[in-house]
Amino acid sequence: MTSPDRAVTLRIGGMTCASCVRRVERALNRVEGVDEASVNFASATARVSLGDAIGADDLVQAVERAGYDAAELEAGAEAPDEDTRARLAMLAAGGVLAVPVIIASMAMDIAGLPLFGSERVTGWLLLGGAAIVQGLLGWRFYRASWPALRALTPNMDVLVALGTTVAFVFSAWVVLADRSEAMFFDVSAAVLLFVSLGRFFEDRARASAGGAIRALLGLTAKSVNVLREGV
């Protein structure tokens, strides 16, 4: 016999859009014994009503098979936020290198102004800078792309990783082979920088909104007094 009041809360990692929410909900609702699953994108959590025949491990496995991370949250606990300082430091370091790469690449391609008057030297400098940017800012997209590809559910992370990798690898081949084709180091660096910036501010806004909602819920009355005939 199932218990309709039993509920499990999961922390969900790797969601980037509303489509991810639908995929996670669909994966959870397909688990036998689940009565209802609701995913909250703002708080990156899922609340699942289920029977006694299954446990949280079954739900976590279902989410992971769909290409996302999951872990059970204890009752009353909040979903942990990523280290904001570490992310900001990584973003700043990547931005410090990405901006010169973008400017130098566009200056050579558009205005014909290579660094030190040499296109070959400029190419090698751009290759070095873009490689570091690809590692600093691109690793998050590579890490998130692997489970999505493994589950055959490509998402935005896959698109960013694929597009920037193709641009970087082709440009690196142009430099290493000493070819005269155009290079696209500015494209890979710019996409990684601006998407990472957007993702960072989106996560900050989502965390702030989640905190405001929790504070608002904390204002609800914990008890009530009922007056009957004025008593």
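The values are calculated or read from the model by the stated rules, or taken from the named source; none is laboratory data. Remember, it's a predicted structure, so these values are computed and weren't measured experimentally. When we count neighbours, we look across all protein chains shown, and the Cβ atoms used for this are built from the backbone with ideal geometry, even at glycine.
Confirm whether V175 is touching a residue at least 40 places away in the same chain (Cβ under 8 Å), surrounded by 15 or more Cβ atoms within 10 Å (Cβ to Cβ) and over 13 Å from the mean Cα position of the chain (by Cα).
The answer is yes for V175.
For a quick check of your reading: which strands (runs of 3 or more DSSP E) sit entirely within the stretch 18-129 and have at least 3 residues that are under 30 Å from A189 (Cα atoms), under 20 Å from the mean Cα position of the chain (by Cα) and touching a residue at least 24 places away in the same chain (Cβ under 8 Å)?
Correct list: empty, since no element meets the threshold.
Please find, among D203, D157, D178, the residue that is modelled with pLDDT under 95 and in contact with a helix residue (DSSP H, G or I) (Cβ under 6 Å, 6 or more places away or on another chain).
D157
Among S196, S188, S145, S180, which is the only one that is among the small types (G, A, S), surrounded by fewer than 17 Cβ atoms within 10 Å (Cβ to Cβ) and in the same structural domain as T122 (by TED's automatic domain parsing)?
S180
Contact list please: Cβ distance under 8 Å, first residue in the stretch 197-210 and closer than 15 Å to D157 by Cα, second residue part of a helix (DSSP H, G or I) and small (G, A, S), pairs at least six apart or on different chains.
L197/G95
Just to be sure before I move on: is L136 buried (at least 19 other Cβ atoms within 10 Å of the Cβ), part of a helix (DSSP H, G or I) and without any contact (Cβ under 8 Å) to a residue 40 or more places away in the chain in the structure I sent?
It is false that L136 is buried (at least 19 other Cβ atoms within 10 Å of the Cβ), part of a helix (DSSP H, G or I) and without any contact (Cβ under 8 Å) to a residue 40 or more places away in the chain.
Residue by residue through the stretch 43-77, note down the ones that are surrounded by 16 or more Cβ atoms within 10 Å (Cβ to Cβ) and either closer than 21 Å to Y142 by Cα or in contact with a Phe, Trp or Tyr (Cβ under 8 Å, 6 or more places away or on another chain) (or both).
A44, V63, E64, A66, G67, Y68, D69, A70
Could you tell me which residue of the stretch 178-207 is nearest to L136 (Cα to Cα), considering only residues that are more than 17 Å from the chain's Cα centre (by Cα) and assigned to a helix (DSSP H, G or I)?
A189
Pull up the stretch 7-42, narrow it to residues that are surrounded by fewer than 21 Cβ atoms within 10 Å (Cβ to Cβ) and small (G, A, S), then point me to the one that is modelled with the lowest pLDDT.
A42
Does L149 satisfy the condition of being more than 24 Å from L91 (Cα to Cα), of a type outside the set (V, I, T), in a helix (DSSP H, G or I) and modelled with pLDDT under 95?
Against the criterion (more than 24 Å from L91 (Cα to Cα), of a type outside the set (V, I, T), in a helix (DSSP H, G or I) and modelled with pLDDT under 95), L149 qualifies.
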